[in-house]
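Novice: This is the structure, below, for whatever I ask next.
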Amino acid sequence: MGKVITMKEAIARHVNDGDFIFIGGYICRTPFAAIHEIIRQAKKGLTITRSNAADDFDMMIGAGVVRRFIGTFLSLGLYGLGRCYRRSIEKGVPFKIEVEEYSNLSLPMMLMAGAMGMPFVPVRDMVGSDLLNVKSFMGDDKYKIIESPFDGRPILLVPALHPDVAIIHVQQADELGNAQIWGIGGDCKAGANSAKKVIVSCERIVSRDTIGKDPSRTIVPDFKVVAVVEEPFGSHPGYAPGFYDVDFAFGALYQKASDTVEGFEDFLGEWVLDIEDRSAYIQHYIHRFGYSSFKALQAEFDYGYPVSYAY
Amino acid sequence: MHKHPDDYIKPELMACCGAREIKDGDVVIVGTGFPTMSANIAKYTHAPGATLMQESGVYDASPKRPALSVGDPCLNPGAAMVGGLLDVMGMFLQAGWVDVGFLSGSQVDKFGNINTTVIGDYQSPKSRLPGSGGANPIGSLAKRTLIIALHNKMRLAEHVDFITTPGYIEGADAREKCGMSPGTGPQVIITNKGVLRFHKETGEAYLASYHPDTSIDEIVGLTPWELEVADDVHETEPPREEELRVMRDVLDPLRMIKIYENKGYV
């Protein structure tokens, strides 16, 4: 059976209730199409992770699909604190999620350790802070401090992470899943490779020959990939370099909507639950804001000098 | 002598205070807003060899609009390098290549500890804030950190509710005892009222200079601990003509820095 399937099939087949999921993105290449599908399928009890989470994680928390969050940061950036995240932690709405707190150095290193088959990794941050004084569901396995066997000095160790599945959005992939990105990477490569399997969402499916014209851009090899989903505009309201810009106006819309539970539920209904798939989402966007708004987000082309791998 | 035009706004003065802490050749890790402005002012004036990076993986960006986040699309085209968190936070910061980091927070205390995690009790907080993100590693591993803060009794504290990012923790030698490199730590707290520096022996912040429209008494009154005042305390040098020209003509022609006035930086 081929790996190229719809998002509906990919999420139904490869994301189970209670799974531990790495979700790539850093405003850059957020896999929003997949996130909406997870919410539509009302997955339960997920553990989610990534460094620097934003509106996507906030939305999943508000929608009640998340039980645990291994995180470093969650905010709406320009638009302030994550409303659903705050309601969950401060008021238990819809319920209080459990949070294990790390930093933007430690968490990527833990994902790297997972990707590399290392059991743990030493890091040089977090000491002297209260991040070491709070432990949640990982308990004493959140970290260890040992005397280095090399110089006898204390050193902090953090464990490798092994997500059940990673979901990433990339610019292009071939039909078997060789996935290529350009632009800000965040922890996408380490996170994807730390997981037991990878769902690749992409702006376009290209031929294996096209991948081979610039193979240094590949961050995940096909043998780790279980599904390839072509989802143009799949990161909106985030962006994909070379394809479309961040939608700042939509960010403001989400902030305003998520200020209240009712507003958030209306938003979820309009943009997620009552929408069939990503192409219906694009149609709804154009219907709601006009084709000119959609067009205004599209990137202009500014090609660089083509690389040559010839010898 | 430098000329000092008097039509500047407070955020411009604060950006200049940040710029003056940067030396030629410094490798600087920035976020958005003030830090980027400060680092670029330095680059265009006394520190042409300073270079900037963002934690998201970007080195030496040349954005065509002010970046609104460290993941902003405008940081990609024209950068010298675009990698990921492991490159900047691991290969550059943890490996000891970063000279200066900028930090800000919802709460900053007298030891330069910063809280961006919770207001109130951690288990049942009054406000859940974003968390560390890159702040803790920057505060732990950059050689010098520059802190931007609003000067009032809400934002400054004798002790923060939660140490997300360590300053001098509870005294000058506490960082080293935890295993951090000697000589690192916060260098300055730049507020909308003045500039605070840190005692070498105690790790406590003291008033080094007061901004032109305020007074030592006002600042001491706005500080929630017994603020010591330096023997050589003086008025902060206002923005120089050259610094204002760089800000207004080159870096921020739309004067987006004015939004900081709405955030209380007046």
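The values are calculated or read from the model by the stated rules, or taken from the named source; none is laboratory data. Just so it is clear, the structure is predicted and the values come from calculations on it, not from any experiment. Backbone-built Cβ (ideal geometry, glycine too); neighbour counts: all protein chains shown.
Novice: Tell me, yes or no, whether segment A:234-246 has at least one residue that is at pLDDT 95 or above, more than 27 Å from A:ALA195 (Cβ to Cβ) and not hydroxyl-bearing (Ser, Thr, Tyr).
Specialist: Yes, some residue in segment A:234-246 is at pLDDT 95 or above, more than 27 Å from A:ALA195 (Cβ to Cβ) and not hydroxyl-bearing (Ser, Thr, Tyr).
Novice: Separate question: Criterion first (more than 8 Å from chain A (Cβ to nearest Cβ), surrounded by 17 or more Cβ atoms within 10 Å (Cβ to Cβ) and touching a Phe, Trp or Tyr at 6+ places or on another chain (Cβ under 6 Å)) does B:VAL118 satisfy it? Steps first, answer last, please.
Specialist: Details: more than 8 Å from chain A (Cβ to nearest Cβ): yes; surrounded by 17 or more Cβ atoms within 10 Å (Cβ to Cβ): yes; touching a Phe, Trp or Tyr at 6+ places or on another chain (Cβ under 6 Å): yes.
When the stated conditions are applied, B:VAL118 passes them.
Novice: If you go through segment B:25-46 one residue at a time, do you hit one that is in contact with a strand residue (DSSP E or B) (Cβ under 6 Å, 6 or more places away or on another chain), in contact (Cβ under 8 Å) with a residue 24 or more places away in the chain and of a type in the set (D, E, K, R)?
Specialist: There is at least one residue in segment B:25-46 that is in contact with a strand residue (DSSP E or B) (Cβ under 6 Å, 6 or more places away or on another chain), in contact (Cβ under 8 Å) with a residue 24 or more places away in the chain and of a type in the set (D, E, K, R).
Novice: Among the residues in segment B:29-52, are any over 19 Å from the mean Cα position of the chain (by Cα) and closer than 20 Å to B:TYR265 by Cα?
Specialist: No, that holds for no residue.
Novice: Can B:VAL233 be described as part of a strand (DSSP E or B), over 19 Å from the mean Cα position of the chain (by Cα) and either touching a residue at least 24 places away in the same chain (Cβ under 8 Å) or farther than 19 Å from A:VAL127 by Cβ (or both)?
Specialist: Yes, satisfied.
Novice: How many residues does segment A:195-223 contain that are under 18 Å from the mean Cα position of the chain (by Cα) and hydroxyl-bearing (Ser, Thr, Tyr)?
Specialist: Number of matching residues: 2.
Novice: Out of (1) surrounded by fewer than 24 Cβ atoms within 10 Å (Cβ to Cβ); (2) outside any loop (DSSP other than H, G, I, E, B); (3) among the aromatic types (Phe, Trp, Tyr), what's the single condition that is false for B:PHE102?
Specialist: With (1) surrounded by fewer than 24 Cβ atoms within 10 Å (Cβ to Cβ); (2) outside any loop (DSSP other than H, G, I, E, B); (3) among the aromatic types (Phe, Trp, Tyr) applied to B:PHE102, the lone miss is (1).
Novice: Would you confirm whether any residue within segment A:94-108 is out of contact with any strand residue (DSSP E or B) (no Cβ under 9 Å at 6 or more places or on another chain), away from chain B (no Cβ under 14 Å) and assigned to a loop (DSSP other than H, G, I, E, B)?
Specialist: If we filter segment A:94-108 for residues that are out of contact with any strand residue (DSSP E or B) (no Cβ under 9 Å at 6 or more places or on another chain), which is where we start, we get A:94, A:96, A:104, A:108.
If we keep only those that are away from chain B (no Cβ under 14 Å) too, we end up with A:94.
Now restrict to residues that are assigned to a loop (DSSP other than H, G, I, E, B): A:94.
Among the residues of segment A:94-108, at least one is out of contact with any strand residue (DSSP E or B) (no Cβ under 9 Å at 6 or more places or on another chain), away from chain B (no Cβ under 14 Å) and assigned to a loop (DSSP other than H, G, I, E, B), which makes the answer yes.
Quick grid of which residues meet (1) among the aliphatic types (A, V, I, L, M); (2) closer than 21 Å to A:TYR102 by Cα; (3) more than 14 Å from every other protein chain (Cβ to nearest Cβ):
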| residue | (1), (2), (3) |
| --- | --- |
| B:ILE138 | yes, yes, no |
| B:THR145 | no, yes, no |
| B:MET154 | yes, no, yes |
| B:PHE162 | no, yes, no |
| B:GLY185 | no, yes, no |
| B:VAL195 | yes, no, yes |
| B:PHE198 | no, no, yes |
| B:GLY203 | no, no, no |
| B:TYR206 | no, no, yes |
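Novice: Assess whether A:VAL127 counts as being facing chain B (nearest Cβ under 7 Å), in a loop (DSSP other than H, G, I, E, B) and more than 23 Å from A:GLY185 (Cα to Cα).
Specialist: Criteria met by A:VAL127.
Novice: Taking A:ALA240 as the residue in question, decide whether it is within 14 Å of chain B (Cβ to nearest Cβ) and surrounded by fewer than 15 Cβ atoms within 10 Å (Cβ to Cβ).
Specialist: no
Residue by residue, here is whether (1) of a type in the set (Ser, Thr, Tyr); (2) at negative phi; (3) assigned to a loop (DSSP other than H, G, I, E, B) holds:
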| site | (1), (2), (3) |
| --- | --- |
| B:ILE119 | no, yes, no |
| B:GLN123 | no, yes, yes |
| B:LYS126 | no, yes, no |
| B:GLY131 | no, no, yes |
| B:PRO137 | no, yes, no |
| B:SER140 | yes, yes, no |
| B:THR145 | yes, yes, no |
| B:ILE148 | no, yes, no |
| B:ASN152 | no, yes, yes |
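Novice: Quick check on my filter: what residues within segment A:121-163 are without any contact (Cβ under 8 Å) to a residue 24 or more places away in the chain and at positive phi?
Specialist: Passing the criteria: A:GLY128, A:GLY139, A:GLY152.
Novice: Here's something else I'd like to know. Condition test on A:ARG208, is it more than 23 Å from A:PHE22 (Cβ to Cβ), surrounded by fewer than 17 Cβ atoms within 10 Å (Cβ to Cβ) and basic (Lys, Arg)? Spell out how you get there, then give the answer.
Specialist: Numbers: more than 23 Å from A:PHE22 (Cβ to Cβ): yes; surrounded by fewer than 17 Cβ atoms within 10 Å (Cβ to Cβ): yes; basic (Lys, Arg): yes.
So A:ARG208 fits the description; yes.
Novice: Let me ask another. Output the residues belonging to segment A:70-93 that are within 10 Å of chain B (Cβ to nearest Cβ) and within 19 Å of A:MET138 (Cα to Cα).
Specialist: Matches in segment A:70-93: A:GLY71, A:THR72, A:PHE73, A:ILE89.
Novice: Can you pull out every residue in segment A:281-311 that is outside any helix (DSSP H, G or I), free of Cβ contacts under 8 Å to residues at least 24 places away in the same chain and aromatic (Phe, Trp, Tyr)?
Specialist: A:TYR303, A:TYR305, A:TYR311
Novice: Would you mind telling me which numbered condition in (1) assigned to a strand (DSSP E or B); (2) over 23 Å from A:SER51 (Cα atoms); (3) at pLDDT below 95 B:PRO5 fails?
Specialist: Failing condition for B:PRO5: (1).
Novice: Tell me, yes or no, whether segment B:78-92 has at least one residue that is under 19 Å from the mean Cα position of the chain (by Cα) and either at the interface with another protein chain (Cβ under 7 Å from one of its Cβ atoms) or assigned to a loop (DSSP other than H, G, I, E, B) (or both).
Specialist: Yes, because at least one residue in segment B:78-92 is under 19 Å from the mean Cα position of the chain (by Cα) and either at the interface with another protein chain (Cβ under 7 Å from one of its Cβ atoms) or assigned to a loop (DSSP other than H, G, I, E, B) (or both).
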